[in-house]
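Step one of this worksheet: look at the structure below.
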Amino acid sequence: MPCVKSLIAATAAASLSVLTSLPAIAQSFTLSAADEAQLRQRVEEGAYGTVTSVAILHQGETRLSLYAHGAEATTLHDTRSVTKTITGYAVSAAIARGELSLQTRVADYFPDYADSMDDPRKRAITVEDLLTMSGPLECNDWSEFSRGNEERMYLVEDWTGFFWTLPVRGYPAWATPPDETPYGRAFSYCTAGVQLLGELVERATDQAFTAFTEHTVLAPLGIETVHWSRNGQGQAHMGGGLRLTTLDLARLGELQRLDGVWQGSQILAEGWADGALTPRADIPNTPGYLYGYLWWLIPYEVAGDTYWAAAMTGNGGNRVMVLPDFALTVVFTNTDFNTPGMHQNAQRFFETEIVARLGR
């Protein structure tokens with residue numbers, strides 16, 4: 001769609017220069033029988049926590065599918081915020097149909113909450129602000145003191161109202177305001193904002209989010225068996241409540257790797273895949289990591305050169321990782337929710353079992 005392409009075109013070149021600035025090393029990835037046996041042993045021994053599955057796809061072919069700790073191929077994994085990125089996919093599908101744009105003002109679709117929009121900065125929030133976790137409201141899941149912490153949202157009935165009644169955040173001396181950041185945005189991890197994005201898709205498309213996402217994103221990939229977590233009002237958890245099998249998670253990673261095209265059909269908006277991996281914000285207290293449109297951008301080194309992985313991440317250390325330069329999609333599921341070291345375990349797995357086998 002022309003308007004989508006024009007919105008993304010200005011940043012697509014930047015995305016390519018950051019994420020694919022170096023030539024792939026013949027897209028090489030080595031996983032010998034001995035490597036696989038060693039990997040399986042480490043997983044079974046708990047070297048990376050309570051890993052339930054691993055899938056590695058290279059150039060679209062499954063090189064490894066491993067299940068442990070009671071999981072099997074049909075297990076629907078609770079990967080928590082990994083599926084925030086699928087909400088981004090649904091936004092992209094709505095954009096492709098002309099029902100939203102990156103600069104859509106979200107408040108326009110919530111006139112029933114106008115009484116809570118007492119500050120013009122609330123009325124100015126855009127789709128892009130929520131995709132990049134950089135809106136103006138005080139919403140930070142990483143702070144137990146935050147008014148917008150997701151645990152507070154779960155305690156109230158009206159999640160939409162929860163978002164719109166949040167105050168505008170301030171910037172004390174130890175926080176960096178948007179105009180002093182490299183990308184002009186101040187990142188703050190906000191599940192409530194992603195939940196609102198899902199409701200925006202519902203209102204813009206006049207369809208239930210779950211039905212729209214299944215029809216436009218999941219079904220075209222051949223994904224049929226899903227489980228949506230819901231709150232007491234029957235509302236889906238759109239900030240991370242979708243359960244999928246390991247290989248279906250891999251298909252969703254592959255959709256990004258293949259530029260939003262699946263078996264000849266354009267599933268995501270044209271230009272979305274590049275735009276989604278354009279760096280949009282630095283991530284506080286996570287040196288080197290950047291953020292795109294509900295994608296984490298993680299640097300790694302091969303033969304002295306720096307490359308970038310795009311990752312969906314979730315509580316427990318769950319990840320779906322896409323390495324464009326090496327034509328790899330990797331799924332790592334884990335049930336160590338809310339435990340110290342869960343994300344470090346996932347990163348150690350990535351470095352030891354994936355990065356170490358690149359370019360060999």
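The values are calculated or read from the model by the stated rules, or taken from the named source; none is laboratory data. None of these values were measured; they are calculated from a predicted model. No Cβ is skipped: glycine too gets one built from the backbone with ideal geometry, and neighbour counts run over all protein chains shown. The protein model used for the area step is the full one, side chains on, heavy atoms only, and it has no ligands, DNA or RNA in it. Shrake-Rupley method; radii C 1.70, N 1.55, O 1.52, S 1.80 Å.
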note = Condition set hydroxyl-bearing (S, T, Y) and part of a strand (DSSP E or B), scope segment 319-337, selection surrounded by the most Cβ atoms within 10 Å (Cβ to Cβ): answer is T333
ask   = Considering only residues of segment 112-146 that are within 27 Å of S229 (Cα to Cα) and over 23 Å from the mean Cα position of the chain (by Cα), which is least open to solvent (accessible area, probe 1.4 Å)?
value = Y113
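Restricting to segment 54-101, what's the tally of residues that are in a loop (DSSP other than H, G, I, E, B) and buried (at least 22 other Cβ atoms within 10 Å of the Cβ)?
Residues of segment 54-101 that are in a loop (DSSP other than H, G, I, E, B), as a first pass: 59-60, 68-76, 79, 97-101.
Going one step further and asking which of them are buried (at least 22 other Cβ atoms within 10 Å of the Cβ), we end up with 79, 100.
Total satisfying the criteria: 2.
Mind listing whichever residues of segment 265-293 are part of a strand (DSSP E or B) and among the acidic types (D, E)? Walk me through it before giving the result.
Here is the first cut: in segment 265-293, the residues part of a strand (DSSP E or B) are 265-266, 281-282, 290-291.
Selection gives D282 alone.
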query = Of all residues in segment 140-170 being assigned to a loop (DSSP other than H, G, I, E, B) and β-branched (V, I, T), which is farthest from R123 (Cα to Cα)?
reply = V156
ask   = Could you count how many residues in segment 294-318 are in contact (Cβ under 8 Å) with a residue 40 or more places away in the chain and in a loop (DSSP other than H, G, I, E, B)?
value = 6
request  = For segment 220-279, enumerate the residues that are in contact (Cβ under 8 Å) with a residue 60 or more places away in the chain, closer than 22 Å to L100 by Cα and β-branched (V, I, T).
outcome  = I267, T278
request  = State which residue is nearest to L197 (Cα to Cα) when the search covers only segment 221-252 and only residues that are part of a helix (DSSP H, G or I) and in contact with a helix residue (DSSP H, G or I) (Cβ under 9 Å, 6 or more places away or on another chain).
outcome  = L252
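Please indicate, with yes or no, whether at least one residue in segment 276-283 is out of contact with any Ser or Thr (no Cβ under 9 Å at 6 or more places or on another chain), within 27 Å of G184 (Cα to Cα) and open to solvent by 40 Å² or more (accessible area, probe 1.4 Å). Outline the logic, then answer.
Looking only at segment 276-283, we keep the residues that are out of contact with any Ser or Thr (no Cβ under 9 Å at 6 or more places or on another chain), and these are 283.
Checking the rest, the ones that are also within 27 Å of G184 (Cα to Cα) come to 283.
Retained after the next criterion (residues that are open to solvent by 40 Å² or more (accessible area, probe 1.4 Å)): none.
Within segment 276-283 (the criterion being out of contact with any Ser or Thr (no Cβ under 9 Å at 6 or more places or on another chain), within 27 Å of G184 (Cα to Cα) and open to solvent by 40 Å² or more (accessible area, probe 1.4 Å)), the answer is no, since none of the residues qualifies.
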